[in-house]
1. Taking Cα centroids, how far is the range 50-80 from the range 219-285 in Å?
2. How much of the DSSP bridge set in the chain is antiparallel, in percent, rounded to the nearest 5?
3. Only bridges with both residues in the range 1-115 count here: give the DSSP antiparallel percent, nearest 5.
4. Considering only DSSP beta bridges whose two residues both sit in the range 112-269, what percent are antiparallel, to the nearest 5?
5. Under 20 Å from the 7 Å Cα→Cβ point of residue 61, by amide nitrogen: which residues of the range 82-109?
6. Counting pairs of alpha carbon atoms under 8 Å apart in space and at least six apart in sequence, what relative contact order in percent does the chain give?
7. About the Cα centre, and with charges only on the beta carbon of Lys, Arg (+1) and Asp, Glu (-1), how big is the dipole of the range 171-277? Nearest 20 debye, please.
8. Could you calculate the FRET efficiency of residue 195 with residue 69 from 1/(1 + (r/R0)^6), where r is the beta carbon distance between them and R0 is 30 Å, rounded to 0.05?
Amino acid sequence: MTTLLISHPACLDHVTPPGHPERPDRLRAIDRALENEKFANLAREQAPMADIETVALAHPREYVEAIREAAPREGMVALDGDTSMSPGSLEAALRAVGGAVLAVDEVVGKKAANAFVATRPPGHHAESVRPMGFCLFNNVAVAARHAQKKHGLARVAIIDFDVHHGNGTQEIFWSDPTVMYCSTHQMPLYPGTGAKSERGDHDNIVNAPLRAGDGGEQFRAAMNEVILPRLEAFGPDLVIISSGFDAHIRDPLASLNFTEADFAWATKKLMELADRKAGGRVVSALEGGYDLQGLAGSVDAHVTALMRG
Ligand SMILES: [Zn+2]
């Protein structure tokens, strides 16, 4: 079994306003990085479009319909100050969900050792009934619920090392003791949530905020001392990574100083945990990362680690 890469060219057709950091070139940079011959052994699949019932695992059906109806036939429509839709956005968003769901199917079905889903728009800011922060549907939340409903997995852990707190994922699973959400993120920073005191109704939310200027040392300490012990005790049947790479030192949207080596380290630690607790099952889905060079290098390091390189 090998690592599976899931993407789709339609994810390039989600067009954002000029100068917007969450832009199609992000995926082009990732594509170029993963064309390197060291990734020749990756299995590659195209992300299917999720159907409404699947998206509705994490969002009310009316919300899914509202997003569908908001999609413009031409031009762009703003859903909030950061989040917009173009004519290609709905298909891209449904493929971002569908890719994460396919990744779960292939990893749980033992067709792949683990998987990385390179799609956009990202998802972790999308709350159950609110698009937010470049996100329309919460891709990892749907994937977690799908793993439980379709495959009967009892406990799912979502680890989010995007520089921004995944307020949407936290909101969706706040009262769900079967899903543990763990996040490192810069604080204070958008979206403003993610304090240590936010722990969920069942102590199933683990926030380990970092401060502007923090780097790999503080990240590794937060993982080693806060997040990994909680994951170990939780004992997930599946590990899902909200893999945002905007904590990279080059990233223009925030002020953490992670390097490629830090992302590789975290990936390996989560794989070790999954090997012990979750039958090795790891699904990683792209969130942020806005400096193209930092993003490409970080994805290279992350996927290399997934391939046990
Ligand atoms: Zn982010």
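Just so it is clear, none of the values below were taken in a lab; they were calculated from the coordinates. Keep in mind the model is a prediction, meaning the values are calculated, not measured. Every residue, glycine among them, receives a Cβ derived from its backbone with ideal geometry; neighbour counts consider all protein chains shown.
1. Taking the Cα centre of the range 219-285 as reference, the centre of the range 50-80 is 30 Å away.
2. On the way: 4 of 39 bridges.
Approximately 10 percent, going by the DSSP bridge assignments.
3. Working: 2 of 8 bridges.
In the range 1-115, approximately 25 percent of DSSP beta bridges are antiparallel ones.
4. DSSP beta bridges in the range 112-269 are roughly 10 percent antiparallel.
5. Only 94, 98 fall inside the zone, counting backbone N under 20 Å.
6. Relative contact order for the chain comes out at 19 percent.
7. Values: 10 positive and 16 negative charges, 38 e Å.
Using only the charged Cβ atoms, the result is roughly 180 debye.
8. 0.30
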